[in-house]
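Since the structure comes first, as structure tokens, the remarks are kept for the end.
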């Protein structure tokens with residue numbers, strides 16, 4: 001990913017999403033906000049104890065870095081499912097309940113999600129001018145939210161999977177994400193290729209590779225171009241929040257995309 005700094009805000013962009021004109025996107029690191037420890041500092045969630053005042057100011061800074069305000073944004077209240085919602089200007093300034101993926105074909109609608117180990121997935125159709133972002137934790141990956149978003153693009157906008165550009169953002173890596181037998185069995189039952197995403201590292205534990213799983217699911221849905229950040233949030237808590245590495249005393253970083 002490309003690391004950019006604007007004042008104290010650090011934003012990461014994908015090379016594959018920087019080339020097209022009329023597109024703004026970014027994954028925001030944890031620097032440049034006002035939240036105190038342990039949420040230091042650009043935290044976008046109050047769910048683990050940070051104040052609404054701090055989080056509100058952090059949102060303002062994120063939107064300003066994108067060139068927008070809260071009135072231009074749609075936020076999803078994520079529930080680790082695979083529901084995809086099409087939104088537009090009518091939904092700006094709101095939080096959509098029970099939704100783990102957002103998409104739009106309207107300009108100047110900022111789609112924003114919050115993450116702390118679960119990787120974001122960006123989707124862009126340069127031909128039909130549509131964008132989306134998904135929250136892909138293990139439950140969402142198990143339910144194939146990546147494939148659900150590709151299908152939703154086709155249904156709503158007539159997108160062809162081969163035209164889509166996908167990018168998988170920072171998330172907990174296979175180096176750190178050990179999972180129990182229940183998760184292993186769930187993946188083995190739902191996906192024929194699950195054995196390729198579950199790895200034994202020689203310590204008696206089994207580790208899940210969320211990035212590899214979502215890349216495979218996107219490709220199975222017909223997406224040819226998939227870029228991956230290759231950044232483990234648990235290994236990089238100085239730059240990103242990690243629920244696993246910070247024992248759930250963490251904040252959430254933002255992932256946003258908009259047509260301009």
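Every residue in the range 75-88 that is surrounded by fewer than 19 Cβ atoms within 10 Å (Cβ to Cβ) and farther than 20 Å from residue 155 by Cα, please. Selection gives 77, 79, 80.
Let's see how each residue does on (1) free of Cβ contacts under 8 Å to residues at least 24 places away in the same chain; (2) farther than 14 Å from residue 114 by Cβ:
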| site | (1), (2) |
| --- | --- |
| 219 | yes, yes |
| 223 | no, yes |
| 226 | no, yes |
| 235 | no, yes |
| 241 | no, no |
| 248 | no, yes |
| 252 | no, no |
| 260 | no, yes |
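Test residue 16 against the stated conditions and say whether it is surrounded by fewer than 21 Cβ atoms within 10 Å (Cβ to Cβ), modelled with pLDDT of 95 or more and either on the phi > 0 side of the Ramachandran plot or not in a strand (DSSP E or B) (or both). Spelling it out, residue 16 is indeed surrounded by fewer than 21 Cβ atoms within 10 Å (Cβ to Cβ), modelled with pLDDT of 95 or more and either on the phi > 0 side of the Ramachandran plot or not in a strand (DSSP E or B) (or both). Assessment of the range 1-8 against the conditions (under 22 Å from residue 217 (Cβ atoms), modelled with pLDDT of 95 or more, surrounded by fewer than 22 Cβ atoms within 10 Å (Cβ to Cβ) and touching a strand residue (DSSP E or B) at 6+ places or on another chain (Cβ under 8 Å)) yields no matching residue.
Condition check ((1) at positive phi; (2) modelled with pLDDT of 95 or more; (3) not in a helix (DSSP H, G or I)) across all residues:
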position: 32; (1), (2), (3): yes, yes, yes
position: 53; (1), (2), (3): no, yes, no
position: 61; (1), (2), (3): no, yes, no
position: 85; (1), (2), (3): no, yes, yes
position: 98; (1), (2), (3): yes, no, yes
position: 118; (1), (2), (3): no, yes, yes
position: 121; (1), (2), (3): no, yes, yes
position: 131; (1), (2), (3): no, yes, yes
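Evaluating residue 153 against the criteria (1) outside any loop (DSSP other than H, G, I, E, B); (2) at pLDDT 95 or above; (3) surrounded by fewer than 20 Cβ atoms within 10 Å (Cβ to Cβ) leaves one unmet condition, (3).
All of 249, 244 fail the test of being within 18 Å of residue 137 (Cβ to Cβ) and surrounded by fewer than 20 Cβ atoms within 10 Å (Cβ to Cβ), apart from 244. Screening residue 69 on (1) in contact with a helix residue (DSSP H, G or I) (Cβ under 9 Å, 6 or more places away or on another chain); (2) within 22 Å of residue 128 (Cα to Cα); (3) exposed (fewer than 15 other Cβ atoms within 10 Å of the Cβ) shows it passes everything except condition (2).
The values are calculated or read from the model by the stated rules, or taken from the named source; none is laboratory data. Treat the numbers as computed from the prediction; the structure is a model and nothing was measured. Counting neighbours? That spans all protein chains shown, and the Cβs are built from the backbone with ideal geometry, glycine included.
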